[in-house]
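Enquirer: I have a structure I would like to understand better, so I am pasting it below and will then ask my questions one at a time.
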Amino acid sequence: MKELTLNNGVTIPQLGLGVFQVPPEETQRIVEDALEAGYRHIDTAAGYRNEAGVGAAIAASGIPREDIFVTTKLRNGEQGMAQEAFLNSRKALGLDYVDLYLIHWPVPSQGLFTQAWKEMERLYANSQIRAIGVSNFLPQHLDTLLESAEVVPAVNQIELHPSYQQAELATKCRSLGIAVEAYSPLGQGGDLNGNAVTSIAQAHNASTAQVVLAWHLASGSIVIPKSANPERIRENLAAASLTLTDEELAAITALESGARIGSDPAVAAFTQM
């Protein structure tokens, strides 16, 4: 699996497994399946309530801890207590350190994300986190954060798929040295049925999901597809070996329609508690 180098020199596997909406009781099995298949990057969050299952799978795998990249995220309702929240996540995971810790949403109505970032900078300075970043931050949120930040975020994890590419935001992130990480990379399945994707899949004897994931990887984004099916977990990982032509990449890029699936970060204010 290709690794990308973040702005602080830490490397991250470009393709990982997301566990959003994976039930806690199923998480250990699914993550064990992924690790056995060859994944070395697992993305969870306190708000998913399945960190313990991720940690249990890592412990059971027998794979050296340093070979697995683990991301978790700060709940919206805990931005005012980021250090305590991080320690709770680390305890749930059963890990001595976390590879990447993200502010899950900016929640601008709270006015707390810059305070949370300062706490995360302290945790990072104390080597409890190898890299810190954000998720769902729009350009105005990044501007506000960077006015007082000492550490530039390593990653911005955003909704990104062929029908919702956020090109302006992605370009801004990259210009600042912030890696772009795509969640809902398949548009929750909605981007897999168009003629462009299906014809490319047929030409390569690949699945439509592999085609879309290969498009993400070619763009330089980190990508974290989610699946509970062992066969699809392996299939998604195999997308790393699929190379599309420039014309095929352009055909997928042309699917942009502005169709957001998730909440709007400009106004989202749920607590995740």
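A short reminder: the numbers here are calculations on the coordinates, not readings from a lab. Just so it is clear, the structure is predicted and the values come from calculations on it, not from any experiment. Cβ coordinates were reconstructed from backbone atoms using ideal geometry, including for glycine residues, and neighbour counts include every protein chain displayed.
Enquirer: Restricting attention to the stretch 42-56, which residues are surrounded by fewer than 24 Cβ atoms within 10 Å (Cβ to Cβ) and under 23 Å from ARG234 (Cβ atoms)?
Expert: TYR48, ALA56
Enquirer: Just need a number here: residues in the stretch 21-67 that are of a type in the set (D, E, K, R) and in contact with a Gly (Cβ under 6 Å, 6 or more places away or on another chain).
Expert: 1
Enquirer: Restricted to the stretch 212-229, and to residues that are closer than 20 Å to THR11 by Cα and among the polar types (S, T, N, Q), which residue is surrounded by the most Cβ atoms within 10 Å (Cβ to Cβ)?
Expert: My answer is SER221.
Enquirer: What do you reckon, is THR245 free of Cβ contacts under 8 Å to residues at least 12 places away in the same chain and either among the hydrophobic types (A, V, I, L, M, F, W, C) or surrounded by 13 or more Cβ atoms within 10 Å (Cβ to Cβ) (or both)?
Expert: Numbers: free of Cβ contacts under 8 Å to residues at least 12 places away in the same chain: yes; either among the hydrophobic types (A, V, I, L, M, F, W, C) or surrounded by 13 or more Cβ atoms within 10 Å (Cβ to Cβ) (or both): no.
It is false that THR245 is free of Cβ contacts under 8 Å to residues at least 12 places away in the same chain and either among the hydrophobic types (A, V, I, L, M, F, W, C) or surrounded by 13 or more Cβ atoms within 10 Å (Cβ to Cβ) (or both).
Enquirer: Please find, among ARG232, ARG260, the residue that is more than 30 Å from GLY9 (Cα to Cα), of a type in the set (Lys, Arg) and in a loop (DSSP other than H, G, I, E, B). Walk me through how you get there before you give the answer.
Expert: On the way: ARG232 fails: in a loop (DSSP other than H, G, I, E, B).
One residue alone meets the criteria, ARG260.
Enquirer: Of everything in the stretch 17-49, what is assigned to a helix (DSSP H, G or I) and farther than 11 Å from ALA228 by Cβ? Give them in sequence order.
Expert: If the condition is that a residue be assigned to a helix (DSSP H, G or I) and farther than 11 Å from ALA228 by Cβ, then PRO24, GLU25, GLN28, GLU32, LEU35, GLU36, ALA37, ALA46, GLY47, TYR48 are the ones that fit.
Enquirer: For the stretch 181-193, what are the residues that are buried (at least 18 other Cβ atoms within 10 Å of the Cβ) and assigned to a loop (DSSP other than H, G, I, E, B)?
Expert: Of everything in the stretch 181-193, those that are buried (at least 18 other Cβ atoms within 10 Å of the Cβ) and assigned to a loop (DSSP other than H, G, I, E, B) turn out to be SER184, PRO185, LEU186, ASP191, LEU192.
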